[in-house]
Amino acid sequence: MSELLEFSMEYGRRKGLSIRLPSGEGALPGLIAVEVADVSTVESRLRSQNIIVSARKDVIRVAPHFLNMKSLF
């Protein structure tokens, strides 16, 4: 597991977030999933702040290993 991924998980848990790692066949080890009540609203709010995430069912998927701010591109 990468240092950035470990930091992201630890930081999120300290902030009270429920974090899951994808598992099973085809799982992407560089992603974390944060459980939220309203994924569409959270995704929209983060995108409005130039933070790119992906809403998936009951989680927001984050790829901390990748630059995810639109303003950098």
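The residues listed here are Glu35, Glu6; of these, the one that is within 14 Å of the chain's Cα centre (by Cα) and either crowded, with 16+ Cβ neighbours inside 10 Å or modelled with pLDDT of 90 or more (or both) is Glu35. Of all the residues in the stretch 38-56, those that are of a type in the set (Ser, Thr, Tyr) and either at pLDDT below 85 or open to solvent by less than 40 Å² (accessible area, probe 1.4 Å) (or both) number 1. Pairs, please: C-beta under 7 Å, at least 6 apart or cross-chain, first residue within 15 Å of Ile60 (Cα to Cα) and in the stretch 1-20, second assigned to a helix (DSSP H, G or I) and open to solvent by 80 Å² or more (accessible area, probe 1.4 Å)? Within 7 Å, the pairs are Ile19/Arg13.
Any chance the stretch 16-28 includes a residue that's assigned to a helix (DSSP H, G or I) and modelled with pLDDT of 90 or more? No, because not a single residue in the stretch 16-28 is assigned to a helix (DSSP H, G or I) and modelled with pLDDT of 90 or more.
In the stretch 34-55, the residues that are touching a residue at least 24 places away in the same chain (Cβ under 8 Å) form Cβ pairs under 7 Å with partners that are open to solvent by 60 Å² or more (accessible area, probe 1.4 Å), at six or more places apart or across chains, as follows: Val34/Leu17; Glu35/Arg20; Glu35/Asp58.
The values are calculated or read from the model by the stated rules, or taken from the named source; none is laboratory data. Bear in mind that the values here come from a model prediction, so they are computed numbers and not experimental data. Positions of Cβ are generated from backbone atoms using ideal geometry, with glycine treated the same way; all protein chains shown enter the neighbour counts. Side chains included, ligands, DNA and RNA excluded: accessible areas come from the protein's heavy atoms. Shrake-Rupley method; radii C 1.70, N 1.55, O 1.52, S 1.80 Å.
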